[in-house]
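The values are calculated or read from the model by the stated rules, or taken from the named source; none is laboratory data. Here the structure is a predicted model, which is why all the values come from computation and not from measurement. Cβ coordinates were reconstructed from backbone atoms using ideal geometry, including for glycine residues, and neighbour counts include every protein chain displayed. Keep in mind that these areas ignore ligands, DNA and RNA; they rest on the heavy atoms of the full protein, side chains included. Shrake-Rupley method; radii C 1.70, N 1.55, O 1.52, S 1.80 Å.
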Amino acid sequence: MIKQNQRKEMLLHNMEYVGYTDLNKKSGFQMAMYKSPEGRYYIYTACFRDNGYNIVDVTDPANPVSTWMEGDWVSNIHDGQSLPKIQTGDGKLITIYGGTMRVLHGTREMEHWGGIKIYDIKEDPMHPKFLGQFYCDGPGAHRCFYNGGDYVYVVGGKKGFIGYILRIVDISDPSNPKEVSSYWADGQYLQNKFAEDIPEIGTEAFMKLPAFHAITVKDDIIYAAQPNVGFCLIDIHDKTNPQLIGKLPLNPPFGNGQGGAAVHTAMPLGDRPYAVVTTEGERVRYFNNNNPKSGMFHPIDTQPMNIIGMVETTNPANPSLISVFPYPQIPEGYTHGDNFNYVDGVRAVLGPHNMFDAFGQDCYEKRDDRVYNCYFHAGLRIYDVSDPFVPKEIAYFMPPDPTGENWFDNDEGTLLPGPQVAITEDILVDDRGYIYVDTFQDGMYIVRCTV
């Protein structure tokens, strides 16, 4: 049943609609692109919930063609495996495997395989050829950074550590990947702790622990988003011996609370001495005023501010926050309230999510004066950062609210009790200027910025 305040129309400012695919009704998550020598464009779209990915031929962006590829399973147990993240480079596809979480996916705790798998996509982009794999203990892998070369920078689990740490993996022989070093934040090494002392993955207590979340790598410097640690710069000129250069603590005052990763993304801004950092919001569909009063997604009485921030890196040993991006503009025609902090009367965790942080390949847009972010229920937001001290929002795209059944749920049908609104997840921008936005429950939209 469609609720009265659900919005059927797109909301666009300085944007134009190009195309759409429902991604075979699989909730989109991280995306990566490959451009073939023949000039065909392919997007590999990982999945928030299911074990697999879509391959979308976007050579004609007005008519994308999507094919679902099932991921590898452990035994015959399907419900515990997920493939949420994906990367490409040098004609290789890196798929990131981990387990599902009861609080996010509605699944029971089940067996899963965790780590990365490596495929060749040069020979046949629509049929990746398996080359090798690297195993990560415990929760598996959550993200990695790869845009070509001999090393994959994996954010994954390792025996003897709490949460995700950094693992640098040599894939010069992709059939036999080998770790050359690892790096972690203070407090992640277990030492004398016992398993029963570790909070359940995905719980509120777990989200307060130090960890790694997302990284980018440029000129042998890792830009690391480390929840409850900060924005960190790590020297990896010697791949066997990562060394911290400097860090900018962010939690508190920003992030955490009932949000996602307390520090979510860290990325350089081209060749300029600036970087972008974010703290993560959350999907308002998990929140309801009648939720249990404790644990993940309890009703919010107060919530720390989440940000997109500009960091100056002129002195890498002392990275400094120099500006915070403006609050997302409220479009005319928005039907869920006067701002994004209350959605249909439910207090929401407003904050950014995935950034367009892919670089180093010919298929992607190359410019350092714009920042793109999928701001969950505030939609895609585009910023002019030509003056890093005064970021300005110049365009937005909000897809229509989804209708129909949820694409996944728990056994009780209560996983997503909150407002049924459109939620954007990840974004890519190609070298032709087409912008690809995938969503939580409504496929992938293709748009262009007109300014």
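Tabulated values for the structure
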read-out: Residues satisfying the stated conditions in region 406-451, i.e. among the β-branched types (V, I, T) and open to solvent by 20 Å² or more (accessible area, probe 1.4 Å); value: T414, T450, V451
read-out: Unique match (being under 16 Å from G89 (Cβ atoms) and either in contact with a strand residue (DSSP E or B) (Cβ under 9 Å, 6 or more places away or on another chain) or charged (D, E, K, R) (or both)) among D137, D170, D186, D124; value: D170
read-out: Options M110, M33; residue that is open to solvent by 10 Å² or more (accessible area, probe 1.4 Å), farther than 17 Å from T424 by Cα and either at pLDDT below 95 or in contact with an Asp or Glu (Cβ under 7 Å, 6 or more places away or on another chain) (or both); value: M110
read-out: Set F408, F376, F397: member being within 30 Å of S320 (Cβ to Cβ), aromatic (F, W, Y) and touching a residue at least 12 places away in the same chain (Cβ under 8 Å); value: F376
read-out: Scope region 361-405; condition basic (K, R) and either in contact with a strand residue (DSSP E or B) (Cβ under 8 Å, 6 or more places away or on another chain) or open to solvent by less than 10 Å² (accessible area, probe 1.4 Å) (or both); matching residues; value: R370, R381, K392
read-out: Failed criterion for M355 (all others in (1) closer than 30 Å to D90 by Cα; (2) touching a helix residue (DSSP H, G or I) at 6+ places or on another chain (Cβ under 8 Å); (3) of a type in the set (A, V, I, L, M) hold); value: (2)
read-out: Output for region 280-318, where each listed residue is open to solvent by less than 10 Å² (accessible area, probe 1.4 Å), part of a loop (DSSP other than H, G, I, E, B) and among the β-branched types (V, I, T); value: I307
read-out: Residues satisfying the stated conditions in region 276-304, i.e. among the aliphatic types (A, V, I, L, M) and modelled with pLDDT under 95; value: M296, I300
read-out: Spans of strands (runs of 3 or more DSSP E) in region 17-99 with at least 1 residues under 23 Å from Q441 (Cβ atoms) and without any contact (Cβ under 8 Å) to a residue 60 or more places away in the chain; value: 41-47, 52-57, 65-70, 81-89, 92-99
read-out: Within region 1-26, considering residues that are of a type outside the set (D, E, K, R) and at pLDDT below 95, the one surrounded by the most Cβ atoms within 10 Å (Cβ to Cβ); value: Q6
read-out: Qualifying strands (runs of 3 or more DSSP E) (wholly inside region 161-255; at least 2 residues being open to solvent by less than 20 Å² (accessible area, probe 1.4 Å) and closer than 26 Å to D271 by Cα); value: 165-170, 214-218, 221-226, 230-235
read-out: Some residue of region 319-329 being of a type in the set (S, T, Y), under 20 Å from D426 (Cα atoms) and not in a loop (DSSP other than H, G, I, E, B); value: no
read-out: Residue within region 121-130 that is open to solvent by less than 20 Å² (accessible area, probe 1.4 Å), in contact (Cβ under 8 Å) with a residue 40 or more places away in the chain and within 26 Å of M296 (Cα to Cα) present; value: no
